[in-house]
Amino acid sequence: MRSVDAATLLNGLNGTTSLAPIIGAFLSDAYLGRYLALAIASVASLIGMFLLTMTAGANSLHPPECSVGETCEKATSYQFAVLFVAFAFLVLGSAGIRPCSMPFGADQFDPNTESGKRGINSFFNWYYFTFTAAMMISATVIIYVQSNVSWPIGLGIPTALMFLACVLFFVGTRLYVRVTPEGSPFTSVVQVLSAALKKRSLKQPKDPKQDLFDPPHTSAIVTKLAHTDQFRCLDKAAIVASPDEVRSGGGAPADPWRLCSVQQVEEVKCLIRIVPVWSTGIIYYVAVVQQSTYVVLSALQSDRHLGRAGFQIPAASFTVFAMLAQTLWIPFYDRLLLPKLRKITGKEEGFTLLQRQGIGIALSTVAMVISAIVEDRRRAIALSQPTLGTTITGGAISAMSSLWMVPQLMILGLSEAFNLISQIEFYYKEIPEHMRSVAGALAFCNLALGNYLSGFLVTIVHRTTGSGQNWLAQDLNKGRLDLFYWTIAGIGVFNFIYFVICARWYRFKGASN
């Protein structure tokens, strides 16, 4: 496939894989529970990996090999169909594993004890540390096996590991704490919006404590929320317009679509408050996803030799440097820096969750600036100095060492360590407890929309500049990828300013002012 088509397809596939957790989160919170959702998703992932391995192992399921200079035969419709069925099962697996695995792990801690609270805080860091370490192995050992040994073996290894993961998960079944789903959380949200719309002509209550419907809180799972004065138009959903709107005893509304409790209204306010902060993550991921697309293409047209032994770093393995930065930073932050920050700031989490997200956005912008400078240098060397041959697509290989891309990738990795972990923890703590699978899906939804936005940006830039000097030409030496990076950096500056405004406006759950 052409590089532009491959980048667009990869962004679309990654986006779909990251968007599916929203559906999985809803089904988990409303009906299945996190354990059952994880069980179904794990089996689906295993089936998807098995089919994906077969597309490499069976000659009838992939096109024949081609060498440099030959015209490569395209895949048939049947071969693409099998590939996309494998992807469909992997998307199904992602729909359950991504939103539920982290909240399910956090469910095993008691948030009402000091040790439980500290356990939850550390759990998010160490979960992501383990995840990143596994991704590093995938981006080095597995990719090396695929590129240099065998594609069937390279895909068979993670398939076998997925089988082992299923076995380990089901072995621990009797040990797990399982939170019972309380029905669809979105029904309550729609009820509040419907009731507020029906009562929009009523006057705002003078004394919310006296004038709003606030029955005794009975849920053992969901925390009782205090009334806040933001989005006061929603308070009208809890106004008792007439005595017959409340059942005898005063504990429940006669029609939940006309009268809602203060608790329901405040839960909707929590979700609305999160939206502006959440939206900044979409733009943030435009920078992050470049490490899996154009960074790889830049590496292909750079000198990837390591030392004098003739070993070449696989281009796709360059993402490991971002993961390495995360892997090194997380234990350093959790075990060494965090205890000192607690003493300095007086906060249990050291930096607040919003501060950590802001630092991550700023670092991603810095990484894009460095990427633009390095790419400009790589291209200049390729055009002015002898090259090291050509890639399979015909682009000349620059004599600049690909290791010059390591700093930008390390900064991007550090950016993710700040932003992504704090995003997930922020959603987990700020969203009402019975929607926590949704909380686990929101960060991946950001990643999905970031991939789609990146693909859209690639398409727009490709079409806009295609009539002249195409910034994203098939041969990067004939393009201006550096200008593309500068564009993303400019968007990042705007996003950081927007985030600061949203963060200053945000009110944490449980705070009345």
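Within the full protein context, the accessible area of ASP214 is estimated at about 80 Å² for a probe radius of 1.4 Å. Once both labels are modelled 7 Å past Cα along the beta-carbon direction, what's the PHE186-SER115 spacing in nm? In this crude label model, PHE186 to SER115 measures out at 4.0 nm. Note on region 186-276: semi-axes of the ellipsoid equivalent to its C-alpha gyration tensor, largest first and rounded to whole Å, are 18, 16, 13.
In this structure the amide hydrogen of VAL246, modeled in the peptide plane, comes within under 5 Å of the amide hydrogens of ALA254, none closer than 5 places in sequence on its chain. Take 396-405, 262-271 and order them by the average number of nearby Cβ atoms within 10 Å per residue, most first; the result is 262-271, 396-405. In order along region 157-172, the Karplus-derived 3J(HN,Hα) couplings, from 6.51 cos²θ - 1.76 cosθ + 1.60 at θ = phi - 60°, round to 4, x, 5, 5, 5, 5, 5, 5, 4, 4, 4, 5, 5, 6, 4, x Hz, and Gly and Pro are given as x.
Applied to region 347-364, the Karplus parametrisation 6.51 cos²θ - 1.76 cosθ + 1.60 on θ = phi - 60° returns per-residue 3J(HN,Hα) values of 10, 4, 8, x, 5, 5, 4, 6, 4, 5, 5, x, 4, x, 5, 4, 5, 5 Hz, with x for Gly and Pro. Each listed q (0.08, 0.15 Å⁻¹) maps to a log10 I(q)/I(0) for region 269-512, found by the Debye formula over equal Cα scatterers with no solvent: -0.35, -1.04.
Taking only protein heavy atoms into account and a 1.4 Å probe, give the accessible area per residue of the chain in Å².
Details: 24170 Å² over 513 residues.
Heavy-atom accessible area per residue stands at 47 Å².
Look at the alpha carbon pairs under 8 Å that are at least 6 residues apart: their mean separation over the length of the chain gives a relative contact order of 23 percent.
For region 185-268, carbon and sulfur atoms together expose 57% of the accessible surface, with a 1.4 angstrom probe and every protein chain in place. From the alpha carbon centroid of region 249-279 to that of region 360-384 is 47 Å.
The structure-derived value of mean projected area of the Cα convex hull in nm² appears in the list (1) 28.1; (2) 25.3; (3) 36.7 under the label (1).
Over all other residues within a Cβ to Cβ distance under 15 Å of GLU425, the charged ones net out to 0, with Lys and Arg as +1 and Asp and Glu as -1.
On region 1-182, 69 percent of the accessible area sits on carbon and sulfur atoms, based on a 1.4 Å probe. Once the Cα atoms are used to define both axes, helix 77-106 deviates from the longest principal axis of the chain by about 50 degrees.
Taking a threshold of 30 Å on the Cα-Cα distance, which of the pairs LYS199/LYS347; LYS224/LYS340; LYS198/LYS224 fall above it? In this structure, LYS199/LYS347; LYS224/LYS340 lie more than 30 Å apart at Cα.
The values are calculated or read from the model by the stated rules, or taken from the named source; none is laboratory data. Please read all numbers here as calculations on a predicted model, not as lab measurements. With ideal geometry, Cβ positions are generated from the backbone for all residues, glycine too; neighbour counts draw on all protein chains shown. Calculation scope for accessible area: heavy atoms of the full protein, side chains included, ligands and nucleic acids excluded. Shrake-Rupley method; radii C 1.70, N 1.55, O 1.52, S 1.80 Å.
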